[in-house]
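Taken together, the values in this text are just the output of simple stated rules run on the coordinates, not laboratory data. Just so you know, these numbers come straight off a predicted model, no measurement behind them. As a convention, Cβ positions derive from the backbone with ideal geometry for all residues, glycine included, and neighbour counts pool all protein chains shown.
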Amino acid sequence: MEELDKIIAKIQKLMKLAQDNPNDEEGQTALMLAQKMLLKHNLSMQDIDRKDRRQTDANIVETESEYLVRMPWWKAELHVILAKNFRCKSIRRRYYNRKETTMIFFGYKDDVRIATEVYEATLMYLEYRLGRIRKEHLGVVYRNSYLQGFLHGIDGRFRQQKRELRKFELMLQVPAEVDRAFKEMKLGSYTTTNPKVLNEEAYLIGYEHAKKSKLMPKEILNRG
């Protein structure tokens, strides 16, 4: 192994240790050492990402979600929120011959796997909550306001985490190789039209449910 490979491998081990133990002294020390080595050897996170990609045969992958004739606004919005917080890109793909749409996580294998797991767990939770709303005949306005609150709550949890773990900022960014590959696909952008919040009570309930839900265990959240 070349000297540079040894240095990069050591940095990778330190960063993994820091990610696994973000709140204790061992993790903070590991991160500090990794940052010092990056500066000392004039390396960037792009160099680490490239090495990561050469060392694994995972490369960049994409995982499709369910296929629907019409993708609900809240599923697309949830997908975008999770993608940007798990180092992935979100793609909405339309199969015109089948008249179906799917959402895709695009990124490194481990990042895509975790984003997909959290997405599916959150969908299951929300389907349960929406079932309760239908059963209680609370209506579409209540439903949409609840979903808006929930989505804002989930996004807020990630923003809070990033404020608390600002020193991990380099680790939380979409890898350069993923960003480059995504741009090379030259995909058109898409937007979701979210309904207005018309029921403040429903919004606040959704927001609180997002803050208190255990869909994203601490070990996943701390991974970023």
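Order these peptides, 179-186, 10-17, by their mean beta-carbon neighbour count within 10 angstrom, highest first. Intermediate results must be reported in sequence, preceding the final value.
Details: 179-186: 12.0, 10-17: 16.9.
Taking the mean over residues of other Cβ atoms within 10 Å, the ranking is 10-17, 179-186.
Provide the per-residue ³J(HN,Hα) series for segment 134-149, in order, calculated from phi with Karplus coefficients 6.51, -1.76, 1.60 and θ = phi - 60°, each as a whole number of Hz, with x at glycine and proline positions.
For segment 134-149, the Karplus-derived couplings read 5, 4, 8, 6, 8, x, 5, 4, 4, 4, 5, 5, 4, 4, 4, x Hz, x marking Gly and Pro.
Any idea what the dipole of segment 66-149 comes to, in debye rounded to 20, about its Cα centre with Lys/Arg Cβ at +1 and Asp/Glu Cβ at -1?
Details: 17 positive and 9 negative charges, 63 e Å.
Around 300 debye, computed over segment 66-149.
Can you compute the charge dipole magnitude of segment 74-205 about its Cα centre, using +1 on each Lys and Arg Cβ and -1 on each Asp and Glu Cβ, nothing else charged? Give it in debye, rounded to the nearest 20. Intermediate values should be presented prior to the final figure.
Values: 26 positive and 16 negative charges, 62 e Å.
Here the size comes out at about 300 debye.
Could you calculate the contour length gain from A181 to T193, that is, 0.36 nm times the residue separation minus the distance between their Cα atoms, to one decimal place in nm?
Once the chain is fully extended between A181 and T193, it gains 1.6 nm.
Stretch K99-H41 to full length: gain in nm at 0.36 nm per residue minus the Cα-Cα span?
Gain in length upon complete extension: 15.7 nm.
Quick one: what do you get for segment 72-217 if you divide its Cα Rg by 2.2 N^0.38 Å?
My calculation over the Cα atoms of segment 72-217 gives 1.11.
Along the Cα→Cβ direction, 7 angstrom out, place labels at E3 and H137. What is the inter-label distance in nm?
7.8 nm
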